[in-house]
Amino acid sequence: MTTIHTNPGALVAQATLRTISTQLDRVSKQVQTGYKVADAKDDASTFAVAQGLRGNLASLVAVQQGLSGAVGLAEVGLAGATAVSNLFEDIRTKLTQLADTSITAIQRATYSTDLKGLAVQAKNLIKQAKFNGTNLLDNAVAMNFIADVNGVTIGVSGVDVFTSASTFNASIGASVTSTLARTFLNASSNTLDLFIANTNTALSGIAGDLRAVEAQNNFTKAISDATEKGLGALVDADLAKASSRLQALQAQQQLATQAITIANQAPAILLSLFK
């Protein structure tokens, strides 16, 4: 039956067009944003889970930044202690030369100046071993860094090498006697031995802390990567599939529009019979 008040064919075509338009809007949003769940309107529960994962990711990034600072601090401290340790060979060589009673006064003065220069260089290396205003070689304080999102900390401990370096430097006069040189070299001297012992303690302690911090940092990065992959699986759109779907819906939209046009022609034909 054909009527001029109600057009069932046009109503069906309009309903189909509305459905297609809704789907087209959804797919277009996926193509534009890259997300299949861009906000709570797309999928409230999935979006809520995704927001929680994003919060965890932000916390993990902050933890990684702190751990990267810990790695930098430990590496600078270790480099400083290594540089000081490398000077001990030259210091012992100069002391051995100064322990010889047969050298001339000029030679003794020269060797003493060299020894003093090495001691001053060691102090300067220690003072320069700073990272972000912190020096692990002039204090015995443990610097604690956040290691995970639950607030657990990991420490990098300092070793006071500077004090023993200063004591050794102060014990060297303008001219080191053979007796004093032998005192520095033998086990009865705490001045040089303590300096060396503190430096070795710094080397082993900071190296151990550095390994622990690097391991924690790598673990945190692995957790962050896994969380990011999980988040992507929840909310990322398959753009290849969405693009194909978009083209199909655009074609369906055109066909639905043509169907409305065809459905509207029947009443017009009926009206033409009365002309």
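Every read-out reported here was derived from the displayed coordinates using simple, explicitly stated rules and does not represent laboratory data. Worth saying up front: this structure is predicted, and the values here are computed from it rather than measured. Cβ placement follows ideal geometry from the backbone for every residue including glycine, while neighbour counts extend to all protein chains displayed.
What to note about this one:
- Förster radius 35 Å - calculated FRET efficiency between Lys41 and Val152 (Cβ-Cβ, nearest 0.05): 0.40
- Label separation (Leu234 vs Thr33): 1.5 nm, computed from points 7 Å beyond Cα along the C-beta direction.
- Ratio of Rg to Rh for the chain: 1.52 [Cα atoms; Kirkwood radius as inverse mean 1/r over pairs].
- Cα centroid of the range 168-225 to Cα centroid of the range 66-80, whole Å: 16
- Residue among Ala70, Gly55, Gln32 farthest towards the positive dipole end of the range 1-120, charges placed on Cβ: Gln32
- Gyration tensor over the Cα atoms of the range 6-164: the corresponding equivalent ellipsoid has semi-axes (square roots of 5 times the eigenvalues, largest first) of 74, 16, 8 Å.
- Cα lying deepest toward the dipole's positive end in the range 65-234, options Thr201, Val156, Ala222, charges on Cβ: Thr201
- Protection proxy ranking of 243-251, 131-139 - average other beta-carbon atoms within 10 Å, highest first: 131-139, 243-251
- Crossing angle, helix 190-235 versus the chain [Cα axis fit, 0-90 degrees, rounded to tens]: 0
- Lysine pairs meeting the criterion (Cα under 27 Å, 8 or more apart or interchain), as found in the range 65-234: 7
- In the chain, the longest principal axis of the Cα atoms and the axis of helix 105-128 are about 20 degrees apart.
- Each Lys and Arg adds +1 at its Cβ and each Asp and Glu adds -1 at its Cβ; summed about the Cα centre, the chain shows a dipole of about 740 debye.
- For the pair the range 141-164 and the range 20-52, the centres of their Cα atoms are 45 angstrom apart.
- Spacing of the two label points (7 Å from each Cα toward its C-beta) at Ser59 and Ala105, in nm: 7.4
- Diffusion coefficient, µm² s⁻¹, Stokes-Einstein with Kirkwood Rh over alpha-carbon pairs of the range 106-172 at 4 °C and 1.567 mPa s: 93
- With 0.36 nm allotted per residue and the present C-alpha distance subtracted, the Ala212-Thr19 stretch has 63.7 nm of extension available.
- A simple packing score, the average count of other Cβ atoms within 10 Å per residue, orders the peptides 107-119, 227-239, 71-83 as 71-83, 107-119, 227-239, with the highest score first.
- Amide H contacts of Tyr35 (H built 1.01 Å from N, in plane; Pro and chain starts excluded): Ala237 sit under 5 Å, all sequence-distant by 5 or more or on other chains.
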